[in-house]
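Let me begin by presenting the structure, written as structure tokens, before commenting on it.
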Amino acid sequence: MKKYNEYPGFLKVEKLATCGSTNDYLRKNYHQYEGDFPVIVTASRQSAGRGRSGRTWDSPAGMGLYSSFGFILPVSVRLNLLPLAAGISVIEALEEISGIRGFGLKWPNDILYDGRKICGILVDNMVQKESVFCITGAGINLNRQRVDFPGELRERATSLKIITGKTYEIEPLNKVLSHIFFSWIKKLERGGDKEIVGEARRLSEFLKDKSITFHRGDRIETGVFKGINHDGGLLLGGHEGDKKIYYNGEVEINE
Ligand code: BTN
């Protein structure tokens with residue numbers, strides 16, 4: 001892990017003991033960091049961690065990694081691929097620090113192990129004139145035991161500790177993730193769409209032809225996971241052999 005001993009030299013690092021939400025912190029303090037991007041804001045705990053679709057992200061100290069990357073991209077990049085690139089990066093970083101394989105990507109960017117969620121990613125983009133201010137936040141369950149998860153999460157979530165039995169320090173994972181994440185962002189900026197989609201397809205192969213339910217707001221649709229479109233969209237197969245493409249929403253795996 002030598003090559004990842006430090007944060008990348010180009011990255012501004014902001015470490016906070018406590019914070020509402022690292023994504024919100026970056027959005028509110030955008031002007032303070034202008035000219036300093038890219039930046040990582042990492043907190044030991046969050047008091048108002050946010051998940052996707054208005055959910056909360058439980059973020060107790062010492063139990064997980066709670067970090068957000070803030071960076072600028074040109075408007076010309078395919079932003080639909082950013083959540084996939086982030087998911088791929090987390091999987092590679094988890095593989096690097098744990099030595100284990102078998103993490104899966106559930107479109108667009110949930111990381112699963114044995115069907116349980118170990119990481120969630122929240123992407124907030126603010127489109128400006130010629131550029132986009134991107135905030136990509138990751139919450140990774142590291143040191144929780146099953147009993148530490150509240151109620152309904154106990155069955156649906158997992159952690160690196162549950163998987164390997166070991167306890168993990170947070171900062172080394174932050175460093176590894178920073179290197180890997182920005183190497184995928186570079187690919188995104190250079191038009192490496194095919195590589196990103198190819199890797200996302202490989203990591204979500206375990207879901208191929210499985211029954212899923214797609215949720216977006218009030219819309220709920222059951223179908224079959226047919227893979228990821230070349231532009232990052234979800235391919236949902238219908239009962240009559242038809243295929244639909246969705247760009248925003250959540251996938252639930254049916255038992
Ligand atoms: C999800 O799966 O619903 C996304 C969870 C994202 C949680 C991370 S923790 C760091 C960053 N700050 C937040 O408030 N949320 C993200």
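Structural remarks
- Per-selection metrics, segment 35-157 (Cα): Rg and Dmax in Å: 15.0, 48
- Cα point-scatterer Debye curve for segment 115-255, base-10 log of I(q)/I(0) at q = 0.11, 0.15, 0.18, 0.21 Å⁻¹: -0.56, -1.03, -1.33, -1.41
- Debye, to nearest 20: dipole size of segment 175-255, +1 on Lys, Arg Cβ, -1 on Asp, Glu Cβ: 420 debye
- For Asn109, distant residues with modelled amide H under 5 Å away: none
- In sequence order, calculated HN-Hα J values of segment 174-183 (Karplus, 6.51, -1.76, 1.60; Hz; x Gly/Pro): 4, 5, 4, 4, 4, 4, 5, 4, 6, 6
- By the helix-only formula, in which each DSSP H run with n ≥ 4 contributes -39500 (n - 2.57) and the sum is divided by residues, the chain has a 222 nm mean residue ellipticity of -7500 deg cm²/dmol.
- Amide H contacts of Gly51: Thr56, Trp57, each under 5 Å away and 5 or more positions distant or on a separate chain (H built 1.01 Å from N in the peptide plane; Pro and chain starts excluded).
- In order along segment 90-106, phi translates into HN-Hα couplings of 5, 4, 5, 5, 5, 4, 4, 7, 9, x, 9, 10, x, 6, x, 9, 9 Hz, rounded to whole numbers, per the Karplus curve 6.51 cos²θ - 1.76 cosθ + 1.60 with θ = phi - 60° and x for Gly and Pro.
- In a DSSP loop and with at most 10 other Cβ atoms within 10 Å, the GluC sites (Glu not before Pro) in segment 43-131 are Glu130.
- Mean separation of Cα contacts under 8 Å, 6 or more apart, over the residue count of the chain: relative contact order %: 18 percent
- Unit Cα scatterers, Debye sum, the chain: log10 I(q)/I(0) for q = 0.09, 0.13, 0.15 Å⁻¹: -0.37, -0.81, -1.10
- Calculated FRET value between Ala17 and Gln145, using beta carbons and R₀ = 22 Å, to 0.05: 0.40
- Among the listed pairs Lys117/Lys226; Lys129/Lys244; Lys12/Lys117; Lys28/Lys129; Lys106/Lys129; Lys210/Lys243, those beyond 26 Å (Cα-Cα): Lys129/Lys244; Lys12/Lys117; Lys106/Lys129
- Student exercise, segment 76-217 dipole from Lys, Arg, Asp, Glu Cβ charges, in Debye to nearest 20: 240 debye
- Take every pair of alpha-carbon atoms less than 8 Å apart whose residues are at least six positions apart; their mean separation over the length of segment 68-158 yields a relative contact order of 31 percent.
- Global form of segment 85-157, assessed from the alpha-carbon gyration tensor, a/c cut-off 1.5: prolate
- Applying a DSSP loop filter and a limit of 13 other Cβ atoms within 10 Å to the trypsin sites (Lys or Arg not before Pro) in segment 111-196 leaves Lys129, Lys166, Arg190.
- Segment 45-108: C-alpha gyration tensor shape, a/c 1.5 cut-off, then a/b vs b/c: oblate
- A simple rule links phi to the HN-Hα coupling: the Karplus curve 6.51 cos²θ - 1.76 cosθ + 1.60 with θ = phi - 60°, which for segment 23-30 gives 5, 5, 4, 5, 5, 5, 9, 3 Hz, with x for Gly and Pro.
- If both residues of a DSSP beta bridge must be in segment 1-70, then about 45% of such bridges are antiparallel.
- Total charge dipole magnitude, the chain, about the Cα centre, Cβ charges on Lys, Arg, Asp, Glu only, Debye to nearest 20: 240 debye
- Across the options Pro150, Trp184, Leu236, the greatest Cα extent toward the positive end of the charge dipole of segment 120-255 (unit charges at beta carbon of Lys, Arg, Asp, Glu) belongs to Trp184.
- Qualifying GluC sites (Glu not before Pro) in segment 1-75, where qualification requires a DSSP coil assignment and no more than 10 other C-beta atoms within 10 Å, comprise Glu34.
All of the numbers you see were taken from the coordinates with simple rules; none came from a lab. Note that this is a predicted model, so its numbers are computed, not measured. Positions of Cβ are backbone-derived with ideal geometry, glycine not excepted, and every protein chain shown enters the neighbour counts.
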